[in-house]
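Chemist: Starting off with a structure, shown below.
FYI, it's all coordinate maths here, none of it is from the lab. Just so we're clear, the structure is a prediction, and the values are computed from it rather than from any experiment. We place every Cβ from the backbone using ideal geometry, glycine too, and count neighbours over all the protein chains shown.
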Amino acid sequence: MTEALIIDDNRMTADALGQMLNVLGFKARLAYGSSAAIAILRSGFTPKFVCLDINMPGLDGTEILAFLRREPHLIPVPVIVITSDDQPETRRKVMKLGANVLIIKPATIDALEEALKKVRFLK
């Protein structure tokens, strides 16, 4: 089963995303915030794709995205940014940093399914 990493400081949002991914046939590993995400990624875990929140305390999602794009084994991992920040500047910034898709919260199963098609995990 394809395993994803969900990074979001809001437990309810992360849990809901995990449940949606399960319905779509994926296994989700949850990181409740950036510190937990860095610890998981540094442990050697390489997800097949990442669902990433942007607005988090401590390291924000753009810093996590930059980390993902600096680590050689994580560079090819698709990143789906899921954020409440609907500003064009934010969209440009995350896409420039290497995000593959951006979804505006609240994420729906349809939006997540469409994003997974764009990163070629669903047909």
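Chemist: Calculate for the chain the 222 nm mean residue ellipticity that helices alone would give, adding -39,500 (n - 2.57) per DSSP H run of length 4 or more and normalising by residue count, nearest 500 deg cm²/dmol.
Modeler: Computed ellipticity for the chain at 222 nm equals -12500 deg cm²/dmol.
Chemist: Between Met95 and Asn22, what is 0.36 nm times their sequence separation minus the Cα-Cα distance? Round to one decimal in nm.
Modeler: Stretched out fully, the Met95 to Asn22 stretch lengthens by 23.7 nm.
Chemist: Something else: Find the Cα radius of gyration of the chain, compare it with 2.2 N^0.38 Å by division, and give the number to two decimals.
Modeler: 0.94
Chemist: Given contacts defined as C-alpha pairs under 8 Å and at least six residues apart, what's the relative contact order of region 81-123, whole-number percent?
Modeler: 39 percent
Chemist: Report the net charge of residues surrounding Ile80, where surrounding means a beta-carbon distance below 15 angstrom and charges are Lys +1, Arg +1, Asp -1, Glu -1.
Modeler: Neighbourhood net charge equals +1.
Chemist: Could you give the nm distance between label points at Asp86 and Lys48, where each point is 7 Å from its Cα heading toward the beta carbon?
Modeler: 3.2 nm
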